[in-house]
Amino acid sequence: EEHYGFKRWGHGHFEVDDEGFVEVRPVPDGTEIRIMDVVDEARDMGLRAPMVVRFQDLLRHRVERLNKVFRQAIKDEGYKGEYRGVFPIKVNQLREVVDEILAAGKDYHHGLEAGSKPELMIALAMHDNNQRLIICNGYKDHDYIRLALMGRKIGKRVIIVVEQLSEVDHIIEISRELGVRPLIGFRVKLQTRGEGKWSSSSGDNAKFGLNTAELLFAIEKLKAAKLTQALRLIHFHIGSQVPNILTIKNAVVEATRFYCQLSQMGFPMGYLDIGGGLGIDYDGSRTNFESSMNYSLEEYARDVVANIRDICDHSGVRVPDIISESGRAVVAPHSMLVVEVFERINKKETLRKQHRPKEKHKVVTDLEAQLKNKSRLGRLERFHDALQKKEEALSLFNLGYLDIENRAAAEALYWQICEQIDREGNESGYQPEELHDLKKILADQYVCNFSVFQSLLDHWALQQLFPIAPLHRLDEEPTVNATLADITCDSDGKISSFIDLQDTKDYLRLHALDGRPYYLGIFLTGAYQDIMGDLHNLFGRVNEVHVFLEPDEPNGFYIEEALSGSRVSDVIEGVQYQWEELCRRMKAQIDAATRKDLVKPREGVRLLEFYENQMLNKTYLSIESAAKKRK
Ligand code: PLP
């Protein structure tokens, strides 16, 4: 258990039971569910890993918690405004996710944020209560603005946030045309820079927002159009996953100054929108490393509330209602990816089976001597000696002076020496710089049935870390250092950095494969990953189950919805092939082969049938057939 840090990053939602299974507790103090029970039940329903599992109660809990913590901070700080959260749909657009957030946020009037026309169209239709806000961000064409104003027309509180100066003219023009009073916000480009992977969302070169001069021009335009009453909100967003609370404090202070100045100019205002950025502690280190955060939700809420209040009080301005567009912090913990390990790539195993050259070359006997005389020299010196000999062996091979058996023997001996050196390092606890990477190079690869490009895009694109752990066998000591490889035909399709208390780890400690299925969980994947995944190698969507707590059920839960992943025919059609046409083409070719007597007619029919059946199969590996083949 200590290898995986459940207690550190799990916020009490994840732990290991006495029998070595990972459990999830969606609601604090509530019942816990064995994740392997969910995997088994899904399998009985015909759904196998790779699979996304959503814990709907955990999602509900996160929405409630965010709102409760802000309410508490408002109460504790004697703040005279309210908190109005909005969920940015882009963080997870799935219907069940948005539905759950709206249901959980009903009493808190939790609203929605849209960043594009399709998202706004979802927001308008799903929005059921005019107390809730709809915030419109992103680049906007006339139709986007028209849609937003249509929402105003039917009584919704839709606020259009101006990101570019030209949008002001369009809003003025279209609201006149529609005869509706717009509600307008300005996104300001703060000088406070975000930190972490998403920090380019603020500063002079940010893609969005108005600089100070543009803000003043925008104000002139509103005045000229007699729309001063429309200006209600100041918005900023300094990037997602802000690891450092000081950055957040600074940004809030800067934005509140803007707010107060506009308020003092006589605009009605009323809302301060602090955007996203509230983090998730993916590695549980509670630090300002990129994958972590050095603050709690409570501290975040208190700091936001107190800083806004202090500056407003000081400026003699009525405090605003506070909007946050927290996405990641709400949805990341509720879902996880389950993958199955089906192969171990173990270079040391095959290398240990020594190939005996008929005549040993000197380079091989030299390496043998190095392996035997281990105690004479220091580890680093022995490593350099072995490296020299290995390179010598490769040069000899390339020049034609070393046969293939001798090359195999030299490589095997080299790895054995490396392993020996690495083992001794563990014992003494000391690790010279050059030997630091040995562990990583020596680690095995566990091949898992999934695609990083589909299911974990931020790991590939931004090296974002996610906690990963086996879902069972945690009562056994793991004995293998491994990195993870996916099944795409791409060397980038791998996970080779893992969470650790200090920085990152190059390998994960896992259990030896014993012929039985071995499942890993990749946790906290509910934000952004689902939708950003791509179709590399045409693997497509994975299976998905939505789990609800149900104390009356034998295992404490039921699967409310099961979504089947992509079939071959689905992904093929996505790139403009028609599966019927492909089948027709194959039939023609098999018929031709039959005519040439390359296959018998009966065999030809079977081949075609097999091809056609594959069209309806899932895209990921069917592990059972792979396992049979191995036997
Ligand atoms: N609001 C805006 C304007 C954003 O661009 C984003 C995402 O980057 C968010 C909100 C959501 O941020 P987070 O997921 O960090 O809460």
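Apart from one condition, Ile101 fits all of (1) among the β-branched types (Val, Ile, Thr); (2) within 26 Å of Phe55 (Cβ to Cβ); (3) surrounded by fewer than 22 Cβ atoms within 10 Å (Cβ to Cβ); the exception is (3). Listed by position, the helices (runs of 4 or more DSSP H) contained in region 317-404 that have at least 3 residues being away from the ligand (no atom under 16 Å from the Cβ) are 347-352, 362-372, 379-398. Out of everything in region 272-315 that is under 28 Å from the mean Cα position of the chain (by Cα) and among the β-branched types (Val, Ile, Thr), what residue ends up being surrounded by the most Cβ atoms within 10 Å (Cβ to Cβ)? Only one residue tops the list, namely Val304. Would a scan of region 66-82 turn up a residue that is among the β-branched types (Val, Ile, Thr), within 20 Å of Ile531 (Cβ to Cβ) and touching a residue at least 60 places away in the same chain (Cβ under 8 Å)? The answer is no, given that none of the residues of region 66-82 is among the β-branched types (Val, Ile, Thr), within 20 Å of Ile531 (Cβ to Cβ) and touching a residue at least 60 places away in the same chain (Cβ under 8 Å). For region 243-284, how many residues are among the aromatic types (Phe, Trp, Tyr) and assigned to a loop (DSSP other than H, G, I, E, B)? Looking only at that region, the number is 2. Out of curiosity, is Asp534 surrounded by fewer than 16 Cβ atoms within 10 Å (Cβ to Cβ), of a type outside the set (Ser, Thr, Tyr) and either in contact (Cβ under 8 Å) with a residue 40 or more places away in the chain or in a loop (DSSP other than H, G, I, E, B) (or both)? Criteria met by Asp534. I'm checking my understanding of the structure. Among residues of region 484-517 that are aliphatic (A, V, I, L, M) and part of a loop (DSSP other than H, G, I, E, B), which one is nearest to Met336 (Cα to Cα)? Residue satisfying both the conditions and the ranking: Ile487. The residue pairs whose first member lies in region 458-477 and is over 30 Å from Asp18 (Cβ atoms), whose second member is in a strand (DSSP E or B) and not hydrophobic (A, V, I, L, M, F, W, C), and whose beta carbons are closer than 9 Å, counting only pairs six or more residues apart or on different chains, are Trp460/Lys494; Gln463/Thr504. The residues of region 91-128 that are within 16 Å of the ligand (Cβ to nearest atom) and within 16 Å of His334 (Cα to Cα), listed by number, are Val91, Asn92, Gln93, Leu94, Val97, Val98, Ile101, Gly105.
The selection criterion, being buried (at least 17 other Cβ atoms within 10 Å of the Cβ), at pLDDT 95 or above and outside any helix (DSSP H, G or I), holds for Leu520.
Look at (1) farther than 22 Å from Pro88 by Cβ; (2) in contact with a strand residue (DSSP E or B) (Cβ under 8 Å, 6 or more places away or on another chain) and you find that Gln229 fails only one, number (2). If you scan region 300-338, which residues turn out to be farther than 30 Å from Ile531 by Cβ and charged (D, E, K, R)? Across region 300-338, the qualifying residues are Arg302, Asp303, Arg309, Asp310, Asp313, Arg318.
The values are calculated or read from the model by the stated rules, or taken from the named source; none is laboratory data. These numbers come from a predicted model, not from an experiment. Ideal geometry is used to build each Cβ from the backbone, glycine not excepted, and the neighbour counts take in all protein chains shown.
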